[in-house]
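Note sheet for the following structure.
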Amino acid sequence: AAFAVGVGEVVTDGGLPALVRDLVGRDQLEVANSRLSATQTVSNVFVGPPLGAVLFELEPSAPFFLAVGLFALAVVLLARLPGDYRAEPDDGVGEPLRTQIMVGLRYVWGHPVLRPLALTVMAFSFVGEAGNAVIVILATERFGLSNVGFGFLISVDGVASVVMSFFVAGLVRRTGHSFSMRLSIVTFTIGALLFGLTTSVAGIFIGALMAGISDPTWNVNSATIRQRLVPDQVFGRMMTAYLFVAWSMQPLGALLGGVIAERFGPEWVSILAAGVVGSLLVLARPLFRAIDEAMAEPAL
């Protein structure tokens with residue numbers, strides 16, 4: 001069941017950006033991606049978990065039946081969208097699945113923007129999963145938060161993410177994509193350092209605020225860049241290959257986070273995350289130059 005859910009998530013995350021690109025104009029992509037990011041955060045942080053907990057107390061199977069019903073509703077809503085969203089066929093149609101997968105991987109690896117972007121997201125995913133694996137231990141043992149306090153900490157992150165989602169489009173218009181992505185790196189690094197170096201409860205809440213600012217700022221820009229630079233014929237294969245590269249380090253990150261927390265303390269996971277992501281300000285400079293050049297060209 002978990003495997004099936006994971007497959008569905010990859011297919012959805014691969015197809016949704018293509019659908020958004022076809023539904024809105026080129027100049028509306030940042031706004032559309034921002035609203036989608038805000039909706040996902042509200043659903044995943046503020047609606048889903050408390051509703052699931054309440055239903056589970058009433059009947060343990062109820063949250064799962066509700067999920068099935070919502071999946072069915074999503075299918076109906078997608079089916080009612082006007083228009084045809086099939087990709088334009090190319091010479092690769094009809095080839096074996098393995099061959100099409102390799103087409104996507106070669107496209108990502110050979111692209112001057114997508115390859116470094118995917119590798120950068122890989123670094124984010126690695127340290128992000130390492131932090132997620134030990135966040136409960138860090139918050140309760142190092143900072144002494146109660147169950148309620150931990151829930152409030154997650155809420156601060158979620159609220160900051162939702163609010164920031166409504167400002168990303170304006171930020172990009174004023175400063176450009178690469179600047180706002182650098183801002184995401186800076187805020188993530190500050191948040192991770194606060195989680196790792198401070199013992200103040202106020203510090204960890206400011207760190208959660210920084211993390212909430214960082215997530216939508218990076219995600220909206222990353223999605224928009226892919227939507228504008230990749231042609232329709234290869235977009236789906238590109239997305240699945242991109243997600244494979246970008247997410248491949250998540251399991252290792254979670255494992256390493258647990259090992260580091262057990263041997264040295266959970267705060268060192270955050271310090272490691274700050275070092276890895278902070279270094280991207282220097283290491284990813286060629287990527288940011290390539291983004292500025294590519295986004296200045298006409299969209300595909």
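Once you order the gyration tensor axes a ≥ b ≥ c over the Cα atoms, which shape class does segment 217-300 get: rounded for a/c under 1.5, otherwise prolate or oblate by comparing a/b with b/c? Working shown, then result.
Numbers: a/c = 3.87, a/b = 1.88, b/c = 2.06.
Since a/c reaches 1.5 but b/c is at least a/b, the shape of segment 217-300 is classed as oblate.
Which percent of the Cα-Cα distances in segment 22-167 go past 26 Å?
Tail of P(r) above 26 Å: 54 percent of Cα pairs.
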With +1 on each Lys and Arg Cβ and -1 on each Asp and Glu Cβ, and nothing else charged, work out how big the dipole of segment 32-158 is about its Cα centre, in Debye to the nearest 20. 200 debye
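Of the accessible area of the chain, with the probe set at 1.4 angstrom, what percent is carbon plus sulfur?
On the way: 10980 of 16260 Å².
Solvent-exposed carbon and sulfur of the chain make up 68 percent of the total.
Write down the accessible area per residue of segment 1-121 in Å², having rolled a 1.4 Å probe over the full set of protein chains.
Details: 8300 Å² over 121 residues.
With the other protein chains kept in place, segment 1-121 gives 69 Å² per residue.
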For the chain the translational diffusion coefficient, Stokes-Einstein from a Kirkwood Rh over Cα pairs at 10 °C and viscosity 1.306 mPa s, in µm²/s, is roughly 77 µm²/s
Using the Cα centre as the reference, give the magnitude of the dipole from point charges on the C-beta atoms of the chain (Lys, Arg: +1; Asp, Glu: -1; all else neutral), rounded to the nearest 20 debye. 560 debye
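The values are calculated or read from the model by the stated rules, or taken from the named source; none is laboratory data. Just so you know, these numbers come straight off a predicted model, no measurement behind them. Note that each Cβ is placed from the backbone with ideal geometry, even for glycine, and that neighbours are counted across all protein chains shown. Quick note on the areas: whole protein, heavy atoms, side chains included, nothing else; ligands and nucleic acids left out. Shrake-Rupley method; radii C 1.70, N 1.55, O 1.52, S 1.80 Å.
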